[in-house]
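Report on the structure given below.
The values are calculated or read from the model by the stated rules, or taken from the named source; none is laboratory data. Note that the structure is a prediction, hence the values are computed from the model and not measured. Every residue, glycine as well, gets a Cβ built from its backbone with ideal geometry; the counts of neighbours run over all protein chains shown. In case anyone asks, the SASA skips ligands and DNA or RNA and just uses the protein heavy atoms, side chains included. Shrake-Rupley method; radii C 1.70, N 1.55, O 1.52, S 1.80 Å.
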Amino acid sequence: MFWADDITEQIQNRFADRIKNGEELVVRDEKTASGRVHIGSLRAAAIHGLVAQVLNEKGVKAKFLFEINDTDPMDGFPVGLDESFRKYMGQPLYTIPSPDGKAKNFAEFYAGEYKKVIESIDFKPEFYRLSDLYQAGKFNDVIRLALEHADQIREIYKRVAKSEKPDTWFPLNVVCPKCGKVGTTHVSDFDGETVAFECLPDQVSWAEGCGEKGRISPFDGQATLPWKVEWAAKWAVVGVDIEGAGKDHYTKGGSRDVSRAICEEVFKHSSPFDIPHEFVLVGGKKMSSSKGSGASAKEISDLLPQEITRLLLVGKPPKRAIDFDPTGDTIPNLFDEFDRLEKIYFEGDESKADFARQYQICFDFNDLPDQKPIFRPRFRDLAFLVQVPHVDIAEKLEEMKEAPLTSDEKDASQRRIEYVQKWLNEQAPEKFIFKISDELPIDKSEFTEENKKVLEKILEFFESHQEVYGHDLHGFFHELKEELALAPRDVFVPIYKAFLGRESGPKAGFLLSALDRDFVISRLKEIL
């Protein structure tokens, strides 16, 4: 069973009574808008979005809410941000000006880009801003409960996380009315209506408080909850039924355990159905938004078509890590995998139902392809063809198909060519970059006698065939290997050396068939 069907089946069992009564389930995810959002953060949104999509497909009412967390303080300095923004360290993100002077605020500058990316891959959450809920008083009741039960929350931290809070610690972060910072304040008591606070110069290492003291109402957006308490509060306030998180939250006594206990014991609300997930890694490393490490979600969504981006993000079960390297083989492999899944989907083999389902999730279920499978040139083949001078790509594609292309196939090929060219221009590794030189790329002395025997046989083949096709060359190379008793490498390396000046490249038959016949003959004669 495909992972999303397995998870939604568990959800249907847990909420069977509510579903039977026609109640709507709430699936939620969030992102703190503190910097450019990397591709790893997009996985969580895609997982939650797909779960909501599959629930709806099964007739379960479910909505996907996505929170832009804009009340957190700026506690890290994004790469590339102007140094003049240092003065805002410690302020809530929604109170900081936009870096471009156009967006409503700092948070909206980054959130706007992320919102467009999520929508571009056909997940359609209802977006909301956390600051709006605080300012509208939606958190007033849970803030009151947290302050009135501060001793109980301290006990939960000690019992669950082995973290001991002093008796003077209250679970609240006041927005200082003088300097506007939220990360620097300490609350020491609650009288039922106001809290005593102090804005401390040395409360945190990344911002300096102004020293202001006094009492202030904690309600209507004048304060926020510390994040483990706030996470639990969000589940209760928003009425969340389903929400997962990255695996770093799931250590024993970690944030998920603490928030679950606070939600159930203090706020008297059931904690959500859980979907833990692994990270998207780049080169084996986890990414950070504020530190600028890793490929941004927008860059990757621009580099890949919608269906391939979705395959990347939700093709694997949530508990499996995704190692994504746009400068390696990842992107060609993703296109190959999509083509394989499409073939399986249209073949209708019930023994491969999970693979067919994997193809379906590459699309909005209301927009599944209904045509028969079409010919799609391999991404790798196109990556070579677009670099060959004077080649008629359409002619070569029809040769590969061994039939004329339909209008749908022409459109699909052109669309893929555009992504191939973008990848070659921006991310492709050196091994995918080819240059067919008018001059011999290496000295003739580098060809051994064994190399020359191979090239001589290839020359004879070209001289005896007026038309040379890739599939004919493939069969010829196999015969040549047997005739000369050579390993495959010993047949192909001389070809790559002769035309590319290296020892590897695209399929040798495809390479030579894409080149002008007279050019190939001339080059081989020059070497021999």
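Cβ-Cβ contacts under 6 Å between residues 6 or more apart (or on different chains), taken from a first residue in the range 245-257 that is closer than 18 Å to ILE153 by Cα to a second residue that is assigned to a strand (DSSP E or B) and among the polar types (S, T, N, Q), are absent.
Residues that are out of contact with any helix residue (DSSP H, G or I) (no Cβ under 8 Å at 6 or more places or on another chain) and open to solvent by less than 50 Å² (accessible area, probe 1.4 Å) within the range 424-451 comprise PRO429, SER437, listed in sequence order.
Quick check, is PHE492 open to solvent by 30 Å² or more (accessible area, probe 1.4 Å) and aromatic (Phe, Trp, Tyr)? Taking the combined requirement at face value, the residue satisfies it. Looking at the range 323-413, the helices (runs of 4 or more DSSP H) lying wholly inside it that each contain 2 or more residues that are of a type in the set (Asp, Glu) and within 22 Å of PHE123 (Cβ to Cβ) sit at 330-347. Going through (1) of a type outside the set (Lys, Arg); (2) in contact with a Phe, Trp or Tyr (Cβ under 9 Å, 6 or more places away or on another chain); (3) free of Cβ contacts under 8 Å to residues at least 60 places away in the same chain; (4) open to solvent by less than 10 Å² (accessible area, probe 1.4 Å) one by one, CYS199 falls short only on (2). Selection of first residues in the range 215-229 that are among the acidic types (Asp, Glu) and of second residues that are open to solvent by 50 Å² or more (accessible area, probe 1.4 Å) and in a loop (DSSP other than H, G, I, E, B), restricted to Cβ pairs under 8 Å at least 6 apart or on distinct chains, gives the following pairs, ordered by first then second residue: ASP220/ALA136.
Of ASP122, ASP132, all but one fail to be under 33 Å from the mean Cα position of the chain (by Cα) and in a helix (DSSP H, G or I); the exception is ASP132. The single condition from (1) closer than 30 Å to LYS58 by Cα; (2) surrounded by fewer than 18 Cβ atoms within 10 Å (Cβ to Cβ); (3) free of Cβ contacts under 8 Å to residues at least 40 places away in the same chain; (4) of a type in the set (Asp, Glu) that ASP392 fails is (1). The residues in the range 211-222 that are surrounded by fewer than 17 Cβ atoms within 10 Å (Cβ to Cβ) and over 21 Å from SER131 (Cβ atoms) can be counted, and the count is 4.
When PRO369 is tested against the conditions (1) touching a Leu at 6+ places or on another chain (Cβ under 7 Å); (2) within 16 Å of PRO305 (Cα to Cα), the lone failure is (1).
Of the residues making up the range 171-180, not one is more than 37 Å from the chain's Cα centre (by Cα) and buried (at least 24 other Cβ atoms within 10 Å of the Cβ).
Taken together, the residues in the range 324-342 that are modelled with pLDDT of 95 or more, farther than 14 Å from TYR419 by Cβ and of a type in the set (Phe, Trp, Tyr) amount to 0. Confirm whether LEU281 is at pLDDT below 95, outside any loop (DSSP other than H, G, I, E, B) and not β-branched (Val, Ile, Thr). Spelling it out, LEU281 is indeed at pLDDT below 95, outside any loop (DSSP other than H, G, I, E, B) and not β-branched (Val, Ile, Thr). Any idea which residue in the range 328-350 is most open to solvent (accessible area, probe 1.4 Å), counting only those that are among the aliphatic types (A, V, I, L, M) and under 20 Å from ILE39 (Cβ atoms)? That would be LEU334. Does ARG380 satisfy being in contact with an Asp or Glu (Cβ under 9 Å, 6 or more places away or on another chain) and within 19 Å of PRO305 (Cβ to Cβ)? So ARG380 passes the test.
Note on the range 448-519: enclosed helices (runs of 4 or more DSSP H) holding 3 or more residues that are without any contact (Cβ under 8 Å) to a residue 12 or more places away in the chain are 470-484. Among the residues of the range 400-419, is there at least one that is under 30 Å from LEU528 (Cα atoms) and open to solvent by less than 30 Å² (accessible area, probe 1.4 Å)? Scanning the range 400-419 turns up no residue that is under 30 Å from LEU528 (Cα atoms) and open to solvent by less than 30 Å² (accessible area, probe 1.4 Å).
Hey, among the residues in the range 1-43 that are within 30 Å of ASN105 (Cβ to Cβ), of a type outside the set (Gly, Ala, Ser) and part of a loop (DSSP other than H, G, I, E, B), which one's least open to solvent (accessible area, probe 1.4 Å)? That would be VAL37. Taken together, the residues in the range 9-54 that are over 28 Å from PHE324 (Cβ atoms) and either of a type in the set (A, V, I, L, M) or in contact with a helix residue (DSSP H, G or I) (Cβ under 7 Å, 6 or more places away or on another chain) (or both) amount to 5. Look at (1) touching a helix residue (DSSP H, G or I) at 6+ places or on another chain (Cβ under 9 Å); (2) modelled with pLDDT under 95; (3) buried (at least 16 other Cβ atoms within 10 Å of the Cβ) and you find that GLY183 fails only one, number (1). Can you tell me how many residues in the range 336-352 are farther than 13 Å from PHE375 by Cα and out of contact with any Leu (no Cβ under 8 Å at 6 or more places or on another chain)? Number of matching residues: 8.
Scoring LEU459 on the criteria (1) under 21 Å from ARG502 (Cβ atoms); (2) out of contact with any Lys or Arg (no Cβ under 9 Å at 6 or more places or on another chain) leaves a single failure, condition (2). Restricting attention to the range 351-374, and to residues there that are open to solvent by less than 40 Å² (accessible area, probe 1.4 Å) and among the aliphatic types (A, V, I, L, M), which single residue is farthest from LYS58 (Cα to Cα)? Across the range 351-374, the extreme among qualifying residues is ILE374. Here is the figure for the range 214-270: residues that are closer than 24 Å to THR184 by Cβ, in a loop (DSSP other than H, G, I, E, B) and either among the β-branched types (Val, Ile, Thr) or in contact with a helix residue (DSSP H, G or I) (Cβ under 8 Å, 6 or more places away or on another chain) (or both) total 5.
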